[in-house]
1. What is the extension gain from Ser265 to Thr250, computed as 0.36 nm multiplied by their sequence separation minus the C-alpha to C-alpha distance, in nm to one decimal?
2. Given the DSSP H assignment, sum -39500 (n - 2.57) over each helix run of at least 4 residues in the chain and divide by its residue total; what's the result at 222 nm in deg cm²/dmol, nearest 500?
3. May I ask for the equivalent-ellipsoid semi-axes of segment 1-69, computed as the square root of five times each C-alpha gyration tensor eigenvalue and listed largest first in whole Å?
4. Please compute the volume of the convex hull spanned by the alpha-carbon atoms of segment 191-321 and report it per residue in Å³.
5. When averaged across all projection directions, what area in nm² does the alpha-carbon convex hull of the chain cover?
6. One quarter of the convex hull surface, Cα atoms only: what value does that give for segment 117-267 in nm²?
7. How much length is gained if the chain between Ala294 and Ala58 is pulled fully straight, taking 0.36 nm per residue apart and subtracting their Cα-Cα distance, in nm to one decimal?
8. Taking the simple approach of a point 7 Å from Cα along Cα-to-Cβ for both Val218 and Thr193, what is their distance in nm?
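The values are calculated or read from the model by the stated rules, or taken from the named source; none is laboratory data. Being a predicted model, the structure only gives us computed values, none of them experimental. Cβ placement follows ideal geometry from the backbone for every residue including glycine, while neighbour counts extend to all protein chains displayed. To get the accessible areas, we keep the full protein, side chains included, count just its heavy atoms, and leave off ligands, DNA and RNA. Shrake-Rupley method; radii C 1.70, N 1.55, O 1.52, S 1.80 Å.
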Amino acid sequence: MNPLRFGLIGCGQFGAFLAKAAVATGRLRLVAATDSDAARADALAAGHGATACPDTAALLAHPEVDAVLIATPPALHMQHAIAAARAGKPVFLEKPMALGERACQTINAAVREAGVNLMVGHVLRYFEPYRAIAAAYRAGRLGRALHLSLWRLEHDFLDISPWKGQRAVSGGYLYEVAAHELDWLRAMLGEPTAIQAQITRQPSSAHQLEDSVALQMVFPGGTGVHYLGGTGFPRNEHGFQLRFEYATLTSDQAFDPARVQVASSAGLTVADLGFGDADPYALELNAWLDSLQAGTPPPITGEDAARTVALIEAAYRAAGW
């Protein structure tokens, strides 16, 4: 079967990465790209033998574009996703879905009206050790979830791109960073029943993002969850301590399955978790492509992703932001 031809909207750092990951699946071929920075679009398109388009409208009108990948800043997701849907193109939309619940509802309405497939790229669901832990929990091997603590401190996060520090563009730390863990939590545990939040930002901060974010949440069954994040800490730290009925899982390097430690009165070991070695972006994109091929809803629909945005908004409201 010939690769699906796609157009890329957004050719920044992550857009370039996503295009490379898409092509690496062997099931997607980049044929057109556009960006607010024309030189950036030219360079990316040239590297893939694709056409650089002057704007989104030109990309959507390109006769070879069968589907669209969107990797623009979150503030632009709504306009780009709606334009793609109205052009009849299946859409892979990078997380977060959009800024605000109303924007998500507007996208979903356009997708329903157009009858197109839309998947939102909450890739943490496919990353190890998160994928395997959620699978083990759903299979009942970990027992009840008692209390989960996760921390993701991003000291140098703002070095990635200046726009990430502008809340009107990125949405803030909860949208840009914590969306990963919040989406994973609700996908595994269900929708939270209560949330408290404390957010701080020093007046001297040269950006608009949160210096610290502390969330306390309760999920169905009484599971307590604590999340700590922010850009105001002296170094990067990313870990978790997940207390389940049959085991406590701990890691000080959350993306490294080899650092996961298991303490279990039921005899569970790390090997029982079944960590894989597949590329998470390949898993995510292949899952989307499988849904297109089968004519079924994607694994992460707009309705699903909108609930993660609703959780983010609930956290900001609880903190008075």
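1. Roughly 3.9 nm would be gained on extension.
2. Working: 11 runs with 114 residues, N = 321.
About -10500 deg cm²/dmol.
3. Values for segment 1-69, descending: 17, 14, 9 Å.
4. Values: hull volume 22.5 nm³, N = 131.
In segment 191-321, the Cα convex hull volume per residue is 172 Å³.
5. 16.4
6. 10.3
7. 82.1 nm
8. Here the answer is 0.7 nm between the modelled labels.
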